Every structure is written in C-alpha cells, then in structure tokens.
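Enquirer: One structure coming up, written as structure tokens, with questions to follow.
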C-alpha cells in the first residue's frame, strides 16, 4: 500500500515548491506604471479605431513624452493609455452608429497602460520590451491585470518589435 499525504499537506507542499504558480513569474511584483488619473485632460489623443468583430472602440492617448517621440524611439517618461470601450447595440446585438457612421461608445471596459522609465522591464526577462512595464486597470483604478500578471502584455508587445519601440501603431484620427 502506498502512503498518500492528506490533501492539505499536498496543497501546502505544492505552494512551497511552486509558490508563483498562480502568477506570472516573469513580471514585476509591484506597480510602477500607475493608474493614469485625468489622462484624457493631461494626455493627447493619438488615434482611435473600431473593431467590428469585438464590437469595441479603442482610443489611444499619450503623455507629452510619448507624443514627442521620433522614429519609434520613445523617451523615458513615456506613458501610453489604450482605452477600450464597449459599444451601444440594438436588440439584435447590432452596433449602433452615430451621425458620422462611427460606433456609438457605451462604457470604458479597460485602460491598458504602458510606461517607460530607466531600468523598467527587467523582470520580464526573455519577454523584455526595452524599458516598458504594463498594467491594466478598470475606470475605478482597480486591476484587470496587475503587474505580477503583466508578462502576457510584454509577450504581446514583443510582436510590435524594437523598430517600433515595442508600441503597436495605428491610423491617426
């Protein structure tokens, strides 16, 4: 007969051996990005787009450091906020349009924020995107994706590439 540890002992051993299994171990432990309070007033609107499949509107803002960039190189102090909106829909789930034919925004569902500072990004290790760090917030400042789980953000921004400063571009509006 084989001895089996009681469930609580097995769980304790698992947490001791694999303490970070519920969080992304390749991400910063603390929030150095910061919730972008008053970003609409303080930052400049860079572009917007509509996603018909997801039925969302994306509006991207940047602080003055991010706006002043040249040739894909963003200086330290750059902050970029991607604001995601749900859309107003009719009873058949068809997106309602405004007078200009654009999706009608309903409510902000997320603020996806990236910030570049000296010595940022090291915790992402092989997924490092220069000196950027990431976090996703709700409008009230609570987390959608806390820094400890932001490795997926860095991994995705690798696809934008170093030549673009690890920032996804888009059509300006």
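The values are calculated or read from the model by the stated rules, or taken from the named source; none is laboratory data. Just so it is clear, the structure is predicted and the values come from calculations on it, not from any experiment. FYI the Cβ positions are ideal-geometry reconstructions off the backbone, even for glycines, and counts take in every protein chain you see.
Enquirer: If a residue has to be in a helix (DSSP H, G or I) and in contact with a helix residue (DSSP H, G or I) (Cβ under 7 Å, 6 or more places away or on another chain) to count, how many in segment 140-173 make the cut?
Expert: Narrowing segment 140-173 to residues in a helix (DSSP H, G or I): 147-149, 151-160, 162-164.
If we keep only those that are in contact with a helix residue (DSSP H, G or I) (Cβ under 7 Å, 6 or more places away or on another chain) too, we end up with 151, 154-155, 158.
Residues in segment 140-173 being in a helix (DSSP H, G or I) and in contact with a helix residue (DSSP H, G or I) (Cβ under 7 Å, 6 or more places away or on another chain): 4 in total.
Enquirer: Another question, if that's okay. If you scan segment 78-100, which residues turn out to be in a loop (DSSP other than H, G, I, E, B) and over 21 Å from residue 157 (Cβ atoms)?
Expert: So in segment 78-100, the residues in a loop (DSSP other than H, G, I, E, B) come out as 78, 88, 90-94, 96, 98-100.
Answer for segment 78-100, where residues must be in a loop (DSSP other than H, G, I, E, B) and over 21 Å from residue 157 (Cβ atoms): 88, 90, 91, 92, 93, 94, 96, 98, 99, 100.
Enquirer: Next question. Which members of segment 122-139 meet the condition of being in a loop (DSSP other than H, G, I, E, B), surrounded by fewer than 24 Cβ atoms within 10 Å (Cβ to Cβ) and either without any contact (Cβ under 8 Å) to a residue 12 or more places away in the chain or in contact with a helix residue (DSSP H, G or I) (Cβ under 9 Å, 6 or more places away or on another chain) (or both)? I'd like the intermediate steps shown before the answer.
Expert: If we filter segment 122-139 for residues that are in a loop (DSSP other than H, G, I, E, B), which is where we start, we get 128-131, 138-139.
Checking the rest, the ones that are also surrounded by fewer than 24 Cβ atoms within 10 Å (Cβ to Cβ) come to 128, 130-131, 138-139.
128, 130, 131 - these are the residues of segment 122-139 that are in a loop (DSSP other than H, G, I, E, B), surrounded by fewer than 24 Cβ atoms within 10 Å (Cβ to Cβ) and either without any contact (Cβ under 8 Å) to a residue 12 or more places away in the chain or in contact with a helix residue (DSSP H, G or I) (Cβ under 9 Å, 6 or more places away or on another chain) (or both).
Enquirer: Six or more apart or on different chains, Cβ under 7 Å: which pairs go from a residue in segment 158-173 that's more than 16 Å from residue 79 (Cβ to Cβ) to one that's in a helix (DSSP H, G or I) and at pLDDT 85 or above? Could you list them?
Expert: Final answer for the pair search is 158/127.
Enquirer: Which members of segment 140-159 meet the condition of being closer than 20 Å to residue 36 by Cα and loosely packed, with under 14 Cβ neighbours inside 10 Å?
Expert: Within segment 140-159, 140, 141, 142 meet the criteria.
Enquirer: Take the residues in segment 63-87 that are touching a helix residue (DSSP H, G or I) at 6+ places or on another chain (Cβ under 6 Å) and surrounded by fewer than 16 Cβ atoms within 10 Å (Cβ to Cβ); name whichever of them is modelled with the lowest pLDDT.
Expert: Only one residue fits best here, namely 72.
Enquirer: Out of all the residues in segment 67-82, which are within 19 Å of residue 160 (Cβ to Cβ) and in contact (Cβ under 8 Å) with a residue 40 or more places away in the chain?
Expert: Scanning segment 67-82 gives 69, 72, 73, 74, 75, 76, 79, 80, 81.
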